[in-house]
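Shown next, in structure tokens, is the structure this report addresses.
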Amino acid sequence: VTGATGTTGTTGTTGATMISAINRALHDAMAEDPSIVVLGEDVGHLGGVFRATEGLQDRFGEDRCFDTPLAESAIVGLSVGLAIQGRRPVAEIQFDAFSFPAFEQIVNHLAKYRNRTRGRVGLPVVIRLPYGGGIGAIELHSDSPEAYFVHTPGLTVVAPATVADAYSLLRASLRHPDPVIFLEPKSRYRHRDPVALPVVTEPLGKAVVRRAGSDCTVVTYGPSLHLVLDAAAIAATEGHSVEVVDLRTLMPLDEETVLESVARTGRCVVVHEAPLTLGVGAEVAARVNEALFDRLLAPVLRVTGYDTPYPPARIERQWLPDAERVLDAVYRTLTYPPRHSGSR
Amino acid sequence: VPFGDLGDLVVDPIQFVDADGHEVGTTRMLPVMADDEALRLHRLLVVTRALDQEFVRLQRQGALGVYAPCAGQEGAQVGTAAALAPTDWIVPSYRELGCAVVRGITPAEMVPTWRGTWFTDIDVRRHRFLPISVPVGTSGLHAAGIALGLKLDGANGDPSGTDAVDGASEPAVVATYFGDGATSEGDVHEAFNVASVFHVPCIFVIQNNGWAISTPSRRQYAGPTLAHRSIGYGMPGWRVDGNDVLACWWTMGQAVARARAGGGPVLLELLTYRMGPHTTSDDPSRYRSAGDEAFWAKTDPIARYRTFLERRGVLTAERAAEHAAAAAGAADSLRAAALAAADPSPLEVFDHVYASAPPSFAAQRAQMTAELAAWRDAEVKP
């Protein structure tokens, strides 16, 4: 078990916030690698609308960190060209749903370039994408678009949940030879963990067990980790031992860590904010079924957002998965089959 | 003529040689071009035409899956690309055979795209020639991105080292090619805009060939010309007779000089005509008249240029024969390359998706390997 941070983190000024970890990772990487350039809307003088790029332009100059016109397709298209020419661009797309204007550049070009050129030209581009809800935002500022990118061959999709991982996995992404969609859970930006930066960089593609348990495995990532840890803590007080797996990278999926856990517990629940249908939970459930059908004590359940557009701010709390919804699913797997199943 | 003299907007197409091969105006108004360069262009033009025709024949004979002919646009492509240095980048759309010929890309390198053995097999960074872009209008942004990188190199040195290897002594520029149809795509607008805002050395070469498959150019834009668009972006826009090789070469030279000197992007609108179908799958008789095609056949860029060079005594019968032999040789090597092109192993689909294959590829690769073995075993042996 590594990096377990409790459920709500610490308050006060010790440790570091996720946004400061992202900012520190960019500073440290740019100091080491002169080919890194940061581009996007308002990333320069302002330091980004979330301040993730604060201080980069002052320290590294306008040629290393610069504002683009308000055009997401251009931000990604320019990044493709910059990478072909030899640079390592870090593109900030301001909010999740604003990645959609850039979708063609991401899917048809960024993701496919290495394959199109028969391996000759890989594009080491990192697209930083603040995503997810829970911040009381206006429409199209709370989406969870990860499934689109996971479904696109050629992309590596990274989804840190903790402050240490935000630093560590961004540094790893900035050394990766292929394009990375780096998903930042914006509801956790101001969350503070008791860590001292910099932390040791961990490899992409490795999940981690955040809490050991023996009765049920809950697989999650990003903005949902903290509520799953809350649910596991509550379950423990009621005598149930819940293991929590943080995927950390969604593509490639660390199947080994997930299967090893579920093989021991015999039960699996997957939790994410994104809608239910064809979400990451569907893929995890399919792989668990394919590998462990005869070891499962209950069907794999999913706890997710609903198959609706993300709701308006005043009712997002009721829409989003919370610890209660996770606990309900965990208990349904623990009590499977239901007592009155004969009447079904 | 220094480039500054062209001004911000040229609406009357720049033309030095008319459709009959006669100079427009007086001889003193012709641009200066060395005879060797004039002959080089002629050679490239006839090689391009011969390759284009051979590509179509090979497709009709079943050796290629599909092909997008460039017939009629050789002058626009060869004329402009010949004004670039080998260290400049070319970002094509999908019909720029003439640019590829100028860049020295071999028939063997061109075949995979059209035969379907791979999407491209060109050594992109060595040739500084990007793969064709099947999504229309999207590659202009890649050109702007490369140009932005070149500009940053000029300001900061070259962190990647990619420009040092070829010993370029002057700043490189980027030329990107697309058609009138592509100008309706949003990405083309974004490319015009970012290239202008960042003031990068990028030349947008629009080949206005009259047709986007069956849609005539009058259904693509309502402004007076495509060159007019440049005004709104803050870059010059120059219209050129795209079937006058000399005009394409000279005007591109002005644009390149301007971009190389730090003058920022330029938009060129080359008026030309797609003499053939959109691709070998298209039937243009369904949407345009034989009269139209006959009219444009008289403006053939190669015939016009040949007449001009012959009239001026530059192209002798002996040289013309040399060029014809070179063209026939190129067509022969294309045919040989097309017929010799081996299919890749189906397992290659797993090789280039990522630098390192994800764990899930192991089982999928094993599955395909087993399927291939079963196919092989099921084949009826003679």
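The values are calculated or read from the model by the stated rules, or taken from the named source; none is laboratory data. The shown structure was predicted, so the numbers you read here are calculated from the model rather than taken from an experiment. Methodologically, a virtual Cβ is constructed for each residue, glycine included, from the backbone with ideal geometry; neighbour enumeration extends over all protein chains shown.
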Please go through region A:102-113 and pick out each residue that is part of a helix (DSSP H, G or I), crowded, with 21+ Cβ neighbours inside 10 Å and more than 8 Å from chain B (Cβ to nearest Cβ). A:102, A:106, A:110, A:113
For residues that are under 20 Å from the mean Cα position of the chain (by Cα) and in a helix (DSSP H, G or I), scanning just region B:171-188, find the one that is surrounded by the fewest Cβ atoms within 10 Å (Cβ to Cβ). B:184
Can you report the number of residues in region B:212-256 which are assigned to a helix (DSSP H, G or I) and either under 19 Å from the mean Cα position of the chain (by Cα) or closer than 26 Å to residue B:29 by Cβ (or both)? 13
Scan region B:217-238 for residues that are without any contact (Cβ under 8 Å) to a residue 12 or more places away in the chain and either within 14 Å of another protein chain (Cβ to nearest Cβ) or not aliphatic (A, V, I, L, M) (or both) and jot them down. B:218, B:219, B:223, B:232
Mind checking which residues of region B:130-142 are among the aliphatic types (A, V, I, L, M) and either under 15 Å from residue A:86 (Cβ atoms) or free of Cβ contacts under 8 Å to residues at least 12 places away in the same chain (or both)? B:130
Only residues that are farther than 15 Å from residue B:334 by Cβ and either away from chain A (no Cβ under 14 Å) or out of contact with any Lys or Arg (no Cβ under 7 Å at 6 or more places or on another chain) (or both): list them for region B:91-121, please. B:91, B:92, B:93, B:94, B:95, B:96, B:99, B:102, B:103, B:116
Check whether at least one residue in region A:83-90 is more than 18 Å from the chain's Cα centre (by Cα), at the interface with chain B (Cβ under 8 Å from one of its Cβ atoms) and surrounded by fewer than 24 Cβ atoms within 10 Å (Cβ to Cβ), and report yes or no. yes
Please work out if residue B:48 is of a type in the set (Ser, Thr, Tyr) and modelled with pLDDT under 95. no
Check every one of the helices (runs of 4 or more DSSP H) wholly within region A:239-344 and list those with 1 or more residues that are within 14 Å of another protein chain (Cβ to nearest Cβ) and touching a residue at least 60 places away in the same chain (Cβ under 8 Å). A:280-292
Before we move on, is residue A:86 part of a loop (DSSP other than H, G, I, E, B) and within 20 Å of residue B:122 (Cβ to Cβ)? yes
Among the listed residues A:105, A:57, which satisfies the condition of being polar (S, T, N, Q) and under 27 Å from residue B:87 (Cβ atoms)? A:105
Name the residue that is farthest from residue B:99 (Cα to Cα), counting only residues in region B:250-273 that are surrounded by fewer than 24 Cβ atoms within 10 Å (Cβ to Cβ) and among the hydrophobic types (A, V, I, L, M, F, W, C). B:261
Just checking, does region A:20-30 include any residue being within 14 Å of chain B (Cβ to nearest Cβ) and assigned to a helix (DSSP H, G or I)? yes
Might you let me know whether region A:89-102 holds any residue that is touching a residue at least 12 places away in the same chain (Cβ under 8 Å) and closer than 13 Å to residue B:138 by Cα? yes
When restricted to A:99, A:73, A:144, the only residue modelled with pLDDT of 95 or more, polar (S, T, N, Q) and assigned to a loop (DSSP other than H, G, I, E, B) is A:144
Among the residues of region A:173-200, how many are of a type in the set (A, V, I, L, M), more than 19 Å from residue A:134 (Cβ to Cβ) and buried (at least 24 other Cβ atoms within 10 Å of the Cβ)? 2
Need pairs with beta-carbon distance below 8 Å; first residue at pLDDT below 95 and in a helix (DSSP H, G or I) and within region B:101-118, second surrounded by 20 or more Cβ atoms within 10 Å (Cβ to Cβ) and of a type in the set (Ser, Thr, Tyr); sequence gap 6+ or separate chains. none
Quick check on residue A:169: is it facing chain B (nearest Cβ under 10 Å), buried (at least 24 other Cβ atoms within 10 Å of the Cβ) and not in a strand (DSSP E or B)? no
Considering (1) surrounded by 21 or more Cβ atoms within 10 Å (Cβ to Cβ); (2) at the interface with chain B (Cβ under 10 Å from one of its Cβ atoms), say which one residue A:131 fails and leave the rest. (2)
